[in-house]
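The next block holds one structure in the form of structure tokens; read it before the comments.
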Amino acid sequence: MADLLSILPQQLVFGVTLGMVYGLIALGYTMVYGVLFMINFAHGDVFMIGAYMGWAVLVAVIDAKVMPINPLLVVPLMMLPAMLFAGVIGLGLERLAYRPLYLRGATRLGPLISAIGASIFLQNSVMLTEGARMKVLATYRVFPRDWRFDILGVNVSVLVLVIAGIAGIMMWGLNALVQRTTLGRSMRAVAEDREIAAVMGVNVWGVVATTFFVGSALGGAAGVLVGLYYTQIDFFMGYSAGLKAFTAAVLGGIGNIRGAMLGGLILGIVESLASTLINPAFKDAISFAVLILVLVFRPGGILGEALPDWKRV
Amino acid sequence: MRELGQRWRRPFHGSLAVLCLLIPVVVPNDYVMGVIARICLYAVLALGLNIVVGFAGLLDLGYVAFFGIGSYVYAFLASPQFGLHLPFIVALPIVILATAISGILIGAPTLRLRGDYLAIVTLGFGEITYIMLINLDRPINITGGPSGIIRIDPPSFLGFALERNDQYYYLFLLLLGLALLASKRLRDSRIGWAWQAIREDELAAQAMGVNTTRAKLQAFAMGASFAGIGGSLLASWQRSVFPDNFLFTESVNILAMVILGGMGNLLAVILGAAVIVALPEIFRDFQLYRLFAFGLMLMVLMIFRPNGLMSFEAKPPREEAEPQGELAAEPDPGASSR
């Protein structure tokens, strides 16, 4: 028991880090749901593509040997192209796979199938171009293994702090974007009522496209962070990460940005506690059980409002 | 257009049925038989999911859970795992009962949920089922863990055991026929009307005296029992079951069959099953590019037929409430100009 108590704070740190990343991916789901009321099943794969982009940049930087391997330099260098590329993929998905369906008056489930197709398509494009074997990131070159210290008896690595810090800054930035800018106001208007927003002069499809771009870019950033943290990536990684992040989004209340962050944190902590206290093999089952319990007693998610009927499937 | 469709409906369906019966004679190819048998198996599953999604409008992303439970229960009843060797005819009803009960158990906590929340909760149940299947080999070995259950008995009738793919094909076709008939009768029954009323407007259905709780549970139980049939077929055909047969992707595939063809339309659902099973087979020569092309096709199909391949037959849901069907049936020229 004393053993357990001593590793518990350590596990909490893991849980919070994991939760921040889940939250970051969940934002993509929740934003798209907010404006289009659809589950973007391909979002997990956009996240995976971000991770591959980060890996490619890291390999290039290490091979080039022209600059010092300093995290302050390398991490932004990995994040920017990953976010940009992921954002462009998100734009492409919206333009090619989803918008035509809405313009042709599909029911709510048509875009879902299109998104599933897009997900399979993205996974296999990466598998075909990069191979099916997993890629390894040389994280230790950027963050040496001995960069860790003790806070109150908990051993924390610099990498974990950086990940949590970046994720936190991005969530804060997104929140500011949505709450304080004109673009954010248009997004909220479209989420409230697409037609009325159009009547009030909002370029609805422009806003939807921007939402896809921003959400996907955040997913790409999360991909880089996850790649650095786990040091191994493969073309199928988007599946389970996407599932977890989607769960986080629903847990917090889908369509609600703060809910996505909260849901991610709760899910990360539940998962790390479940694998310490119960059994690592059942950790996913336990996080889904928590989700089901929350939804049964609070059917709109933790921070969610009751959605009007027409916003539901 | 619809009157023309009505007149040709019976001959069309009849010739389709005859064609299905003749396939093993015309193409006595083991591989082709195998693919068509798989189409039948998945069509049964898709018809089951269609009851939940297409009729009652409840988005279920964890349908594979029932498929898995059905397969494993059949495996328990007819393999050396527990030393039971029940004949197919006896095991099948038990499996159907077991999956129907599991449908009620999973359906009950989700009754208050709708739309995407229902989707994620059913998805969660699907994942939990998979994790259970893969981990319940310790401390007591129930499911055999990742290595599954092997040496399952083939279906045998009065001592005649099925071996060849064409024999399986006829069994599968028979069960698909029964599933189709059951679906049709359910759709046109009182309970089917209740489901469709819930799909269109739950509140209105309730106001009209539909017991929505019971109807939803019935939809879940009925859909799940179809998965029980599918599960028994899979287990007895494969002669083994593994947890990896029941991944989330399988739920997605079955849902894609329902939606691709055209939700709620029975023939369309079977067409969807055929497309989803056959497409990857057609691209099999390009092994690596198989799934790539499959994903692309799904997107393209949805862009050009956003409401399903056979959506021209399906009436838009709102019009169904109007007495259009009755008017169209009368030879009154004034009715059409109205």
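Within segment B:65-85, count every residue that is surrounded by 24 or more Cβ atoms within 10 Å (Cβ to Cβ) and either free of Cβ contacts under 8 Å to residues at least 40 places away in the same chain or of a type in the set (A, V, I, L, M, F, W, C) (or both). Total meeting the criteria: 7. Residue under question is residue B:103, and the condition is that it be within 14 Å of chain A (Cβ to nearest Cβ) and assigned to a helix (DSSP H, G or I); does it hold? Taking the combined requirement at face value, the residue does not satisfy it. Taking the listed residues B:228, B:177, B:192, the one that is away from every other protein chain (no Cβ under 14 Å), surrounded by fewer than 22 Cβ atoms within 10 Å (Cβ to Cβ) and under 19 Å from residue B:103 (Cβ atoms) is B:192, with no other qualifying. Among residues that are surrounded by fewer than 18 Cβ atoms within 10 Å (Cβ to Cβ), facing chain B (nearest Cβ under 10 Å) and part of a helix (DSSP H, G or I), residue A:125 is included. For first residues located in segment B:284-307 and within 7 Å of chain A (Cβ to nearest Cβ), partners that are hydroxyl-bearing (Ser, Thr, Tyr) and lie 6+ apart or on another chain with Cβ distances below 8 Å form the pairs B:292/A:125; B:295/A:119; B:298/A:114; B:299/A:114; B:302/A:114; B:303/A:114; B:306/A:107; B:307/A:107. For segment A:92-107, indicate whether the set of residues that are within 25 Å of residue A:167 (Cα to Cα) and away from chain B (no Cβ under 12 Å) is non-empty. Yes, some residue in segment A:92-107 is within 25 Å of residue A:167 (Cα to Cα) and away from chain B (no Cβ under 12 Å).
Checked against (1) of a type in the set (A, V, I, L, M, F, W, C); (2) buried (at least 24 other Cβ atoms within 10 Å of the Cβ); (3) touching a residue at least 60 places away in the same chain (Cβ under 8 Å); (4) within 13 Å of chain B (Cβ to nearest Cβ), residue A:261 passes all but a single condition, namely (4). Just one residue in the set B:140, B:131, B:149 is more than 14 Å from chain A (Cβ to nearest Cβ) and touching a helix residue (DSSP H, G or I) at 6+ places or on another chain (Cβ under 8 Å); that residue is B:149. Restricting attention to segment A:145-178, the residues that are within 16 Å of residue A:17 (Cβ to Cβ) and in a loop (DSSP other than H, G, I, E, B) total 1. In the set B:43, B:65, B:56, which member is closer than 21 Å to residue B:264 by Cβ, at pLDDT 85 or above, among the hydrophobic types (A, V, I, L, M, F, W, C) and under 13 Å from the mean Cα position of the chain (by Cα)? Residue meeting the stated conditions: B:43. Restricted to segment A:6-41, and to residues that are within 13 Å of the chain's Cα centre (by Cα) and not in a helix (DSSP H, G or I), which residue is surrounded by the fewest Cβ atoms within 10 Å (Cβ to Cβ)? Among those residues, the one meeting the criterion is A:41. Only a single item in (1) surrounded by 21 or more Cβ atoms within 10 Å (Cβ to Cβ); (2) within 14 Å of chain B (Cβ to nearest Cβ) is not met by residue A:137, and it is number (2).
Residue A:44 meets each of the listed conditions (1) under 19 Å from residue A:219 (Cβ atoms); (2) surrounded by fewer than 22 Cβ atoms within 10 Å (Cβ to Cβ) apart from (2). For segment A:296-304, the criterion of being touching a residue at least 12 places away in the same chain (Cβ under 8 Å), buried (at least 21 other Cβ atoms within 10 Å of the Cβ) and assigned to a helix (DSSP H, G or I) is met by no residue. Exactly one residue out of A:231, A:276 is more than 17 Å from the chain's Cα centre (by Cα), under 18 Å from residue A:11 (Cβ atoms), surrounded by fewer than 24 Cβ atoms within 10 Å (Cβ to Cβ) and more than 13 Å from chain B (Cβ to nearest Cβ), and it is A:276.
In segment B:181-191 there is at least one residue matching the filter, namely being over 20 Å from residue B:270 (Cα atoms), in contact (Cβ under 8 Å) with a residue 12 or more places away in the chain and outside any strand (DSSP E or B). Checking the structure you have, find out if any residue of segment A:178-190 is at negative phi, touching a residue at least 60 places away in the same chain (Cβ under 8 Å) and either of a type in the set (S, T, N, Q) or within 13 Å of chain B (Cβ to nearest Cβ) (or both). No, there is no match, as no residue in segment A:178-190 is at negative phi, touching a residue at least 60 places away in the same chain (Cβ under 8 Å) and either of a type in the set (S, T, N, Q) or within 13 Å of chain B (Cβ to nearest Cβ) (or both).
Pairs linking a residue in segment B:242-259 that is small (Gly, Ala, Ser) to a residue that is assigned to a helix (DSSP H, G or I), with Cβ atoms under 6 Å and 6 or more positions apart or on different chains, are B:251/B:64; B:251/B:126; B:256/A:113; B:256/B:276. Residue selection: residue B:257 satisfies the criterion of being modelled with pLDDT of 85 or more, within 23 Å of residue B:188 (Cβ to Cβ) and either away from every other protein chain (no Cβ under 14 Å) or crowded, with 20+ Cβ neighbours inside 10 Å (or both).
The values are calculated or read from the model by the stated rules, or taken from the named source; none is laboratory data. The structure displayed is predicted, hence computed values, not measured ones. Cβ atoms come from the backbone with ideal geometry, glycine included; neighbour counts cover every protein chain shown.
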